[in-house]
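Quick one: this structure, given as structure tokens, is what I'll be asking you about.
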């Protein structure tokens, strides 16, 4: 069985000029990969009828599946549908009653009038099959081409550009694909690491990686917020793929040690949630340089209200003193960015909230430092039943990236202290 190839395309000048960040392509590619379909290309296309037709024709020539998003809105600059009509040889539009009913529902729910341009979105080329968009006004269109057109059977899907509409419609699109193509199975397992650079990680597990079977492939996927993701894949996976991959991962885990925080596709905040949820133990945060980012990350996890009590964004020294109880002399003697202040902040918020654990940050996120600590430095304090400790981290990036890395480092340091405490009480 051959591997089914797909191309993922985005349509719109707003993506090409950087006005909008394309999140649809990665979402679609991930869904295709889970179904055993290999994404061969990702392409962005300008809002030009000739560019749309020419590029999509080329992608259909070289791929079994093409999925495009964007350009399906109600205004005159949304020209994708007309281009697809020409590409597919359509000479008339037909109304899809089910999608038109959804147009009425959505606009009435928003208190808006239903205009002719809105209803036109339910009109589609007679050459397409409609997949209903339940979250938006523009339907998904599937155009099926036989071998006479591109030399092989091919299907083109046109999806809306709004990410949450794309996400909601993806299962139906994947289901449609499954009815038209039989793909080779692909099996993936993911491990998450933090605190070790990609190059150092590669060196540390080099011997293990060299010993992988020829049909297994390891990918390194670094991210400043989540660390280095390791994805082990088997293409053309047989019935024993899960067992074989699991055996390799069990052999890998001892080599990763404390750098490994999850053997599934998780986040640091999600891992902390797993460590605390259902245990009766709680968490609080005191943030200076991270400005609430840690609390934000923690509360993105479903069920975090069961263990996260709250946070204090203590940006000014006066708030550190008056709310968290950090002594003025601690700041004066050690500097605002210091181990002593980070630990005092952690102890202060833990006492204030009554939490089991707490995490605190104080640092310089941008180009400004002082005579004690340079820019890009953060001190992280963690307080818990076994006491209080702190650690210094330093990064050289812009303000936004430093804040992200400060927050991730703080969560990882917190994770390690929770694990250390758990081991000590067993």
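Regarding the range 152-162, can at least one residue be identified that is over 18 Å from residue 8 (Cβ atoms) and assigned by TED's automatic domain parsing to the domain that holds residue 58?
The answer is yes; a qualifying residue exists.
State which residue is farthest from residue 44 (Cα to Cα) when the search covers only the range 6-21 and only residues that are surrounded by 20 or more Cβ atoms within 10 Å (Cβ to Cβ) and touching a strand residue (DSSP E or B) at 6+ places or on another chain (Cβ under 7 Å). Working first, answer last.
Looking only at the range 6-21, we keep the residues that are surrounded by 20 or more Cβ atoms within 10 Å (Cβ to Cβ), and these are 6-12, 15.
Applying the additional criterion that residues be touching a strand residue (DSSP E or B) at 6+ places or on another chain (Cβ under 7 Å) yields 6-11, 15.
Numbers: 6: 14, 7: 11, 8: 9, 9: 6, 10: 5, 11: 6, 15: 7 Å.
Going through the qualifying residues, I end up with 6.
Same structure again: Within the range 390-403, which residues are outside any helix (DSSP H, G or I) and touching a helix residue (DSSP H, G or I) at 6+ places or on another chain (Cβ under 9 Å)?
Those that are outside any helix (DSSP H, G or I) and touching a helix residue (DSSP H, G or I) at 6+ places or on another chain (Cβ under 9 Å): 390, 391, 392, 393, 395, 396, 397.
Condition check ((1) in contact with a strand residue (DSSP E or B) (Cβ under 9 Å, 6 or more places away or on another chain); (2) in a helix (DSSP H, G or I)) across all residues:
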{"residue": "333", "(1), (2)": "no, yes"}
{"residue": "342", "(1), (2)": "yes, yes"}
{"residue": "348", "(1), (2)": "yes, yes"}
{"residue": "352", "(1), (2)": "yes, yes"}
{"residue": "378", "(1), (2)": "yes, no"}
{"residue": "388", "(1), (2)": "yes, no"}
{"residue": "405", "(1), (2)": "yes, yes"}
{"residue": "413", "(1), (2)": "yes, yes"}
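Got a sec? Which strands (runs of 3 or more DSSP E) wholly within the range 180-292 have at least 3 residues that are farther than 30 Å from residue 348 by Cα? Give the derivation first.
Values: elements: 186-193, 216-223, 227-235, 260-262, 283-287.
Of the strands (runs of 3 or more DSSP E) lying wholly inside the range 180-292, those with at least 3 residues that are farther than 30 Å from residue 348 by Cα span 186-193, 216-223, 227-235.
When the range 314-331 is examined, which residues are found to be touching a helix residue (DSSP H, G or I) at 6+ places or on another chain (Cβ under 8 Å), within 13 Å of residue 362 (Cβ to Cβ) and outside any helix (DSSP H, G or I)?
Selection gives 314, 324, 326.
Run down 292, 369 and say which single residue is surrounded by fewer than 22 Cβ atoms within 10 Å (Cβ to Cβ) and at positive phi.
Selected residue: 292, the only one of 292, 369 that is surrounded by fewer than 22 Cβ atoms within 10 Å (Cβ to Cβ) and at positive phi.
Evaluate the following for residue 311: is it under 21 Å from residue 421 (Cβ atoms) and part of a loop (DSSP other than H, G, I, E, B)? Quick ask: steps written out before the conclusion?
Details: under 21 Å from residue 421 (Cβ atoms): yes; part of a loop (DSSP other than H, G, I, E, B): no.
The answer is no for residue 311.
Which of the helices (runs of 4 or more DSSP H) contained wholly in the range 1-93 include at least 1 residues that are under 26 Å from the mean Cα position of the chain (by Cα) and in contact (Cβ under 8 Å) with a residue 12 or more places away in the chain?
It comes to 13-16, 24-34.
Given the criterion assigned by TED's automatic domain parsing to the domain that holds residue 10 and out of contact with any strand residue (DSSP E or B) (no Cβ under 7 Å at 6 or more places or on another chain), identify the matching residue among 134, 176.
Numbers: 176 fails: out of contact with any strand residue (DSSP E or B) (no Cβ under 7 Å at 6 or more places or on another chain).
Result: 134 is the single residue among 134, 176 that is assigned by TED's automatic domain parsing to the domain that holds residue 10 and out of contact with any strand residue (DSSP E or B) (no Cβ under 7 Å at 6 or more places or on another chain).
With respect to the numbered conditions (1) modelled with pLDDT under 95; (2) touching a strand residue (DSSP E or B) at 6+ places or on another chain (Cβ under 7 Å); (3) more than 23 Å from residue 267 (Cβ to Cβ), which one is the sole condition not fulfilled by residue 323?
Of everything listed in (1) modelled with pLDDT under 95; (2) touching a strand residue (DSSP E or B) at 6+ places or on another chain (Cβ under 7 Å); (3) more than 23 Å from residue 267 (Cβ to Cβ), residue 323 misses just condition (1).
Yes or no, residue by residue, for (1) farther than 23 Å from residue 227 by Cβ; (2) modelled with pLDDT of 95 or more; (3) loosely packed, with under 15 Cβ neighbours inside 10 Å; (4) not assigned by TED's automatic domain parsing to the domain that holds residue 194:
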{"residue": "348", "(1), (2), (3), (4)": "yes, yes, no, yes"}
{"residue": "355", "(1), (2), (3), (4)": "yes, yes, no, yes"}
{"residue": "393", "(1), (2), (3), (4)": "no, yes, no, yes"}
{"residue": "398", "(1), (2), (3), (4)": "no, no, yes, yes"}
{"residue": "414", "(1), (2), (3), (4)": "no, yes, no, yes"}
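List the number of the failed condition for residue 264; all other conditions in (1) surrounded by 13 or more Cβ atoms within 10 Å (Cβ to Cβ); (2) modelled with pLDDT under 95 hold.
With (1) surrounded by 13 or more Cβ atoms within 10 Å (Cβ to Cβ); (2) modelled with pLDDT under 95 applied to residue 264, the lone miss is (1).
Just for the range 120-161: of the residues that are in contact with a helix residue (DSSP H, G or I) (Cβ under 7 Å, 6 or more places away or on another chain) and assigned to a helix (DSSP H, G or I), which one is nearest to residue 87 (Cα to Cα)?
Filtering the range 120-161 for residues that are in contact with a helix residue (DSSP H, G or I) (Cβ under 7 Å, 6 or more places away or on another chain) and assigned to a helix (DSSP H, G or I), the one nearest to residue 87 (Cα to Cα) comes out as 150.
Restricting attention to the range 28-42, and to residues there that are closer than 23 Å to residue 139 by Cβ and touching a helix residue (DSSP H, G or I) at 6+ places or on another chain (Cβ under 6 Å), which single residue is surrounded by the most Cβ atoms within 10 Å (Cβ to Cβ)?
Top of the filtered list is 31.
Answer with yes or no whether residue 101 is under 21 Å from residue 162 (Cα atoms), in the same structural domain as residue 170 (by TED's automatic domain parsing) and in contact with a strand residue (DSSP E or B) (Cβ under 9 Å, 6 or more places away or on another chain).
Numbers: under 21 Å from residue 162 (Cα atoms): yes; in the same structural domain as residue 170 (by TED's automatic domain parsing): yes; in contact with a strand residue (DSSP E or B) (Cβ under 9 Å, 6 or more places away or on another chain): no.
No, not satisfied.
The values are calculated or read from the model by the stated rules, or taken from the named source; none is laboratory data. Just so it is clear, the model here is predicted, and its values are computed rather than measured. In this analysis, Cβ positions are derived from the backbone assuming ideal geometry, glycine residues included, and neighbour counts consider all displayed protein chains.
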